[in-house]
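Only one structure is covered here, and it is reproduced in the block below.
The values are calculated or read from the model by the stated rules, or taken from the named source; none is laboratory data. None of these values were measured; they are calculated from a predicted model. Cβ atoms come from the backbone with ideal geometry, glycine included; neighbour counts cover every protein chain shown. Ligands, DNA and RNA are excluded from the accessible area calculation, which covers all protein heavy atoms including side chains. Shrake-Rupley method; radii C 1.70, N 1.55, O 1.52, S 1.80 Å.
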Amino acid sequence: MNVQEKKRLRQEIIRVRDLLSKEACLEKSYKATQHLWSIHHVKHARSIMCFSSFGSEIDTWSFIEEARERHIQISLPLTERERKKITPYTYEGRNSLKKGAYGIWEPDPIHSTEMKLSNIDVIIVPGVAFDQQKGRVGYGAGYYDRFFASLPHEPRRIGFCFAMQVVEKVPMEPFDMRLHQIVTEEGII
């Protein structure tokens, strides 16, 4: 039941998100990024794992570059599709990236260093749909839930998305982990 609900919800949200113009996407991303920087855990983090936005996702690149300017260590996930696993590597600039799984820019291990998991203070989490209870529906492969479960500590988990991706209630399964906060262009949940 939940699998079908999630699939339907994913298709609907992505369909609507894909209708956003590039200008609207950048404007909403800028506003959301300002809200993200207002969070104490983000402002004072030593190390943040972010995601490399693609397609019609909220744009993370201005946040990533500003974090580097603020001397915050940024890491991005490297995806191992066979093992359904993500491993964070330090972001050393655009020339340290390669096109990876699903056509997403990700760290090239030749030009990056694997991030020590216990160093991560905050994780900026992608997703398709979120709810007021800080539930999340991702893209369906379970990469992030497995990653959260593998961590030796509990960094701050912050969903980053457009307000139109926040619905009344997302279907949750026992292994789905809730976030600590969700940030959109309209504010912080």
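When the residues of the stretch 116-125 are narrowed to those that are open to solvent by 10 Å² or more (accessible area, probe 1.4 Å) and touching a residue at least 40 places away in the same chain (Cβ under 8 Å), which ends up farthest from SER53 (Cα to Cα)? Filtering the stretch 116-125 for residues that are open to solvent by 10 Å² or more (accessible area, probe 1.4 Å) and touching a residue at least 40 places away in the same chain (Cβ under 8 Å), the one farthest from SER53 (Cα to Cα) comes out as ASN119. Among the residues of the stretch 10-53, what is the count of those that are at pLDDT 95 or above, assigned to a helix (DSSP H, G or I) and crowded, with 20+ Cβ neighbours inside 10 Å? Matching residues across the stretch 10-53 total 6.
Restricting attention to the stretch 127-146, the residues that are out of contact with any Gly (no Cβ under 7 Å at 6 or more places or on another chain) and open to solvent by less than 10 Å² (accessible area, probe 1.4 Å) total 3.
In the stretch 147-167, the residue that is nearest to GLU82 (Cα to Cα) out of those that are open to solvent by less than 30 Å² (accessible area, probe 1.4 Å) and part of a loop (DSSP other than H, G, I, E, B) is LEU151.
With outside any loop (DSSP other than H, G, I, E, B) and buried (at least 22 other Cβ atoms within 10 Å of the Cβ) as the only criterion, which of VAL170, VAL183 stands out?
Numbers: VAL170 fails: outside any loop (DSSP other than H, G, I, E, B).
Only one candidate passes the filter, namely VAL183.
Do we find a residue being under 26 Å from ALA149 (Cα atoms), open to solvent by 80 Å² or more (accessible area, probe 1.4 Å), touching a strand residue (DSSP E or B) at 6+ places or on another chain (Cβ under 8 Å) and of a type in the set (Val, Ile, Thr) anywhere in the stretch 54-62? Among the residues of the stretch 54-62, not one is under 26 Å from ALA149 (Cα atoms), open to solvent by 80 Å² or more (accessible area, probe 1.4 Å), touching a strand residue (DSSP E or B) at 6+ places or on another chain (Cβ under 8 Å) and of a type in the set (Val, Ile, Thr), which makes the answer no.
Residue pairs whose Cβ atoms lie under 9 Å apart, separated by 6 or more positions or on different chains, with the first residue in the stretch 153-180 and closer than 19 Å to LEU117 by Cα and the second open to solvent by 60 Å² or more (accessible area, probe 1.4 Å) and of a type in the set (Phe, Trp, Tyr), do not occur. The residue pairs whose first member lies in the stretch 89-105 and is acidic (Asp, Glu), whose second member is open to solvent by 100 Å² or more (accessible area, probe 1.4 Å), and whose beta carbons are closer than 9 Å, counting only pairs six or more residues apart or on different chains, are GLU92/HIS111.
Of all residue pairs spaced 6 or more apart or on separate chains, those with beta-carbon atoms under 6 Å, a first member in the stretch 33-44 that is over 12 Å from ALA67 (Cβ atoms) and a second member that is open to solvent by 70 Å² or more (accessible area, probe 1.4 Å) and modelled with pLDDT of 95 or more are HIS35/ILE188. Looking across the stretch 75-114 at every residue that is aliphatic (A, V, I, L, M) and either open to solvent by less than 10 Å² (accessible area, probe 1.4 Å) or not in a loop (DSSP other than H, G, I, E, B) (or both), the one that is farthest from PHE54 (Cα to Cα) is identified as ILE86.
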